[in-house]
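Derivation of every value follows stated rules applied to the coordinates shown; laboratory data play no part. The shown structure was predicted, so the numbers you read here are calculated from the model rather than taken from an experiment. Here the Cβ positions follow ideal geometry from the backbone for every residue, glycine too, while neighbour counts run over all protein chains shown.
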Amino acid sequence: MDLLKRSWAVVDLDAVAENIKTIKKLLDPQCMLMGVVKADGYGHGDKYISDELVRLGVNWFGVSNIDEAVSLRKQGIYHPILIFGHTPARFAKIINEYNITQTVYSIEYAKELAKACQKEDVIIDIHIKIDTGMSRLGFVVDDNHLNRTTEEIREIYHMPCFRPYGIFTHFAVADEKSQKSVDFTYHQFESFKNIISVLEKRGMTFKIKHCCNSAATICYPEMHMDMVRPGIITYGLSPSKELAGIIPLKPVMQLYSTITMVKQIDAGTTVSYGRIFTAKNKMKIATVAIGYADGIERELSNTAYMLVKGQKAKIVGRVCMDQLMLDVTDIKDVKIGDRVTIVGTDGENTISFEEMADIGNTVNYEKICIIGKRVPRIYTRENKEIGVVDYVRRNIDM
Ligand SMILES: *Cc1c(COP(=O)(O)O)cnc(C)c1O
């Protein structure tokens, strides 16, 4: 790993395997498992993660857009792939060519896509998306819309350019345990089952019905239906604090950086932009080669801790674009080239994405996705490096 001595992420494929094993234990044997690898595998790198998921026996892949879908195909993933989001109709031919399943979520979109399919003379697989309470994408199925939605889906179902194999919905608060949220999730599920039954009565059946994200996969086994779509727990993180610890999960990603300078400063000296930190006493400061361009947000300034030689060191002053400074006054023998653990375990201490998320008042999901593309991902099995994904074109030999 010496060649990467700036900042790097270690992605532990054994942890993915353990998490998938844990998830499979929650499922009935006939329930299918979708590997959710949108946003470059939640920032972990979709290439190695997808290969690992194939090895672990997932049945489907879920992505956010056509580019992610084609990228999986080009690396040799032959499993069915569902695009959760919008694909411009002009890509109908590509959807067909790469054998990708597209979500259809409104009559307007269906018509546009159908027109493009006819023009290209192609037939594509689709899943119908039902909006049961997210108000994001999907056919609305409340009392006021049920009849119209039923008519619209009937029209789509019989469009010759579509093979309507699946139907799905998405939960808004499956990760919250309050009665109000539990009631809402049941309400969403009932609405979903209701529209399916209305459609079935009119002769429209769907082979794959699915609604569970990670939280629902854990908490609502009765809602698993034909397939579940757990994302965040695949990567070893909990969908919410409330659900932490319910099933054993192993975080897949650790994040590291390197100390590039160590210096003594006197009382009264200020550190970094804006001079928001002033040393009260003599201090020892370490400069670290990671910053907000790598995903270490400025919100962590003067607040977050990182681990140096197994001990906690606080960020002092503002996080810069490419660098930040740590207080290492009480840590012995700190020198240039030392490793800094930003997320992960070093000795007795562990720092999690959740802790980082708390400071910014956000969620672990966001923290893993924003790890910058300047940070190479190193893949390990049994603690041995088996591959690297480096997103940045390098102009020098390493
Ligand atoms: C992202 C996503 C998931 C996975 O959600 P997690 O909370 O990460 O499990 C499932 N379904 C859809 C439609 C999604 O967009």
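For the reader, a short list of remarks on this structure follows.
- Taking 7 Å steps out from each Cα toward its Cβ at Asp266 and Ile246 produces label points 5.8 nm apart.
- Cysteines without a disulfide-compatible neighbour (Cβ-Cβ under 4.7 Å), the chain: Cys31, Cys211, Cys212, Cys219, Cys320, Cys369
- Kirkwood-type radius of the range 329-394, with distances r between different C-alpha atoms, in Å: 14.6
- Here the simple spin-label model places points 7 Å from the Cα toward Cβ, and for Ile359 and Lys21 these points are separated by 3.4 nm.
- The distance linking the range 152-229 with the range 42-104 is 21 Å (Cα centroid to Cα centroid, whole angstrom).
- About its Cα centre, the chain has a charge dipole of approximately 740 debye under the convention of +1 per Lys or Arg Cβ and -1 per Asp or Glu Cβ, with nothing else charged.
- Cα principal axis extents for the range 197-264, largest first, Å: 77, 23, 15
- Annotation: for a label point projected 7 angstrom from Cα along Cα→Cβ of Cys369, residues of the range 152-173 with backbone N closer than 19 Å are 169-173.
- Contour excess over end-to-end distance, with Cα ends at Val122 and Arg339 and 0.36 nm allotted per residue: 72.7 nm
- Using a simple spin-label model with pseudo-atoms 7 Å out from Cα toward Cβ, Asn144 and Ser197 lie 2.4 nm apart.
- Using a Förster distance of 35 Å, the FRET efficiency for Asp67-Glu348 (Cβ separation, nearest 0.05): 0.25
- Legend: calculated FRET efficiency, Ile276 to Lys111, from the Cβ-Cβ distance at R0 = 56 Å, rounded to 0.05, equals 0.50.
- Distance from the C-alpha centroid of the range 262-291 to that of the range 120-146: 55 Å, rounded to the whole angstrom.
- Per residue of the chain, the DSSP helices (runs of n ≥ 4 H) give a summed -39500 (n - 2.57) that works out to -8000 deg cm²/dmol at 222 nm.
- Dipole magnitude of the range 152-241, debye to nearest 20 (Cβ charges: Lys/Arg +1, Asp/Glu -1, about Cα centre): 160
- Dividing the Cα radius of gyration of the range 73-157 by its Kirkwood radius returns 1.01 for Rg/Rh.
- The charge dipole of the range 201-272, taken about its Cα centre with unit charges on the Cβ of Lys, Arg, Asp and Glu (plus for the first two, minus for the last two), comes to roughly 480 debye.
- Each 10 Å bin from 0 upward holds the following percent of the Cα-Cα pairs of the chain: 5, 21, 27, 22, 15, 8, 3, 0.
- DSSP beta bridges confined to the chain are antiparallel in about 55 percent of cases.
- Kirkwood Rh (inverse of mean 1/r, distinct Cα pairs), the range 110-182, angstrom: 13.9
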